[in-house]
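Okay, structure first, notes after.
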Amino acid sequence: MVIARSLRALDWLNFFVANVQTGFGPFIASYLAANKWTQGEIGLMLSVGTISAMASQLPAGALVDAMRNKKFAAASAIVAIIASALFLAASPTFVPVFAAEVLHGFASCMLVPAMAAISYALVSRADLGDRLGRNARWASIGSALTAALMGVFGEYFSLRSVFFLTAALALPALVALSMIHHEMPPAPPRRKFWGKDAKASREAAKAQKRLTPEGEERETLRELLQDRRLLIFAGCVVLFHLSNAAMLNLAAGEVTAHMGDNVQLVIAACIIVPQFIVAALSPWVGRQAQRWGRRPVLILGFCALPVRALLFAGVSSPYLLVPVQMLDGISAAVFGVMLPLIAADVAGGKGHYNLTIGFFGLAAGIGATLSTAAAGFAADRFGTAMSFFGLAGAGALAVALVWLAMPETREAAPKKEAEPAVEV
């Protein structure tokens, strides 16, 4: 009963966290463009957030692995995101925007592994694919509804009001987080460090540290970094974000520069429509990843990237951006489910699940940083169409790497496991 209530609360947590994150990205690009920032300046400032996240990914993942209580990490990240939204609302000048991007980048790299760890704590390993698909469904519904609301606020009130709304929507996320509980096994007896049992007690403690909560031998960091699956998928993540990260931001800036009325509604629609596709596809992606394996699903999602970039390059009407952006729903559904699922395949039972997510997050940050900065400057120098052609090339390389080099990570016959002893 406690687990059932916690899973429902986890649904709402994903919903409201997605609400909060929707206020960043395209809305920032439009906000800054409306305040006379160039595409290159916008790309550089968006890269500040990804650089901050890159610097924090591995330490944050290791910290979440080390913490028994994952809720504190998630709550701290949500509070930091509230602060970053308020910084953006304060002024569209360099100092507050820079501070907001740094704080948001740091907070996001804590929030993602913390929420993945909460999910992993509440379900068995065999059910993780379905749970991650459900997480993505609720997150996409939250993003879609909030993007519509933010589009209305930006159109009929002010662009600044979007960031006040972002901060307000974080409060229900904290309420949902407080409703998640997981029953823990009895705490081990306190160790004795004196008397005749001192040496035996210390040896037992060292042995216990080498075990994961499931009782498996903990993998060393060196062994983790030598895992071929980890390294190849990290390369896939870099190329995915190199192609994907700048696409909508670039399109949003272009729309703002060449369209007068209804610009915020068009940008909101570019966010909303893919989220409905993610909501519909994500549970299916989780199930098919268990049935078909990870590689076929990855190839399906990655193929949408170069196609989308080429269509963006050829679009002349701003209103055609919305149907093209539907392809983002396919790639987002696949990537959102597969990243934490492959992390569980690689290191989920060996004590480094959140560190692995952090490693993939670092790879995503590298790709996103290069994407937003390079695409922005390429658009300024060579034109927007050429920038989109470059993003299409990166997407094609991502597909090729998955097809030719990525090994299958799914276990041949997943078995039901006891619930991990992780306090959430």
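Summing Lys, Arg as +1 and Asp, Glu as -1, what charge do residues with Cβ under 14 Å from the Cβ of V48 carry, V48 excluded?
-2
Remark on T409: its backbone amide H falls under 5 Å from those of R294, R295, a criterion applied only to residues 5 or more positions apart or on other chains, H modelled at 1.01 Å from N.
Coordinate-derived values only; no laboratory data. Note that this is a predicted model, so its numbers are computed, not measured. A quick note on method: Cβ atoms are made from the backbone with ideal geometry, for glycine too, and the neighbour counts reach across all protein chains shown.
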